[in-house]
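*Asks:* Dumping the structure here so I can ask a few things about it.
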Amino acid sequence: MPGRRDPDDGALTAREVVAALDSILNQGLRSMRELREIFGRLPAKYQVLLALADGRAESGPETLVRLMLRMLGADFDPQVRIAGVGRVDFLVGERLILECDSRAHHSDWDQRRRDIRRDQEAARRGFVTARLLAEDILFRPEEVMSVLADVVRAHP
């Protein structure tokens, strides 16, 4: 998949830079205005990276999924509140919920129970939920992209 790199060379891929920018914005470390000033001093070829930044992403895997959804041309919104369900990572179209699950936030039974109950409430309201594992998003991106393509195609 394009954007892969040797982890020992120290260089970041474009996706990793966008994920870092998302984190900077989400954590309030810099504003978009400040990032524009910084990027204004860089060669023009880097401007596209800043244009892809979105501070709503709460994790690197969410950024990577957002970029995959963009590549697929999917109609989606990140961090959407759904009545009775709560905030979801992505709403694709009108009825498909995508959640990006990591061990850090989904490792104990209490959290798993909450997720199952949220998914049940979403289903009751006519939504379909697909859960993606952060480790797959990070280390098996081709497979995740294939799954996303199939799921998005099945739920236009």
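*Asks:* Could you identify which residue out of E16, E94, E34 has the top mean-square fluctuation in a GNM of the chain using Cα springs shorter than 10 Å?
*Replies:* E34
*Asks:* So if each residue of separation counts as 0.36 nm, and I subtract the Cα-Cα distance between R70 and A149, what length gain in nm does that give?
*Replies:* Extra length available between R70 and A149 comes to 27.3 nm.
*Asks:* Can I ask one more? Would you mind ranking M32, M68 so that the residue whose beta carbon has the fewest other beta carbons within 10 Å leads the list?
*Replies:* Taking fewest neighbouring Cβ atoms as first place, the list is M32, M68.
*Asks:* Hand me the trypsin sites (Lys or Arg not before Pro) from region 40-78 located in a DSSP loop with no more than 12 other Cβ atoms within 10 Å, in residue order please.
*Replies:* Filter output for region 40-78: R41.
*Asks:* Restricting to Cα atoms and excluding each atom paired with itself, what does the Kirkwood estimate give for the chain in Å?
*Replies:* With all distinct Cα pairs of the chain included, I get 16.7 Å.
*Asks:* Under Stokes-Einstein, with the Kirkwood radius over Cα pairs standing in for Rh, what whole-number D in µm²/s applies to region 1-93 at 20 °C and 1.002 mPa s?
*Replies:* My calculation gives 148 µm²/s for D.
*Asks:* Right, something else. Calculate, in nm to one decimal, what F139 and D110 gain on full extension: separation in residues at 0.36 nm each, minus their alpha carbon distance.
*Replies:* Extra length available between F139 and D110 comes to 7.8 nm.
*Asks:* Still on this structure, I have one more. Using only the alpha-carbon atoms of region 74-156 as identical scatterers, what base-10 log of I(q)/I(0) does the Debye formula give at q = 0.21 Å⁻¹?
*Replies:* Log10 of I(q)/I(0), two decimals: -1.05.
Since every read-out is calculated from the coordinates, none of them should be taken as a lab result. It should be emphasised that the depicted structure is a prediction, and the values quoted were computed from it without experimental measurement. Every residue, glycine among them, receives a Cβ derived from its backbone with ideal geometry; neighbour counts consider all protein chains shown.
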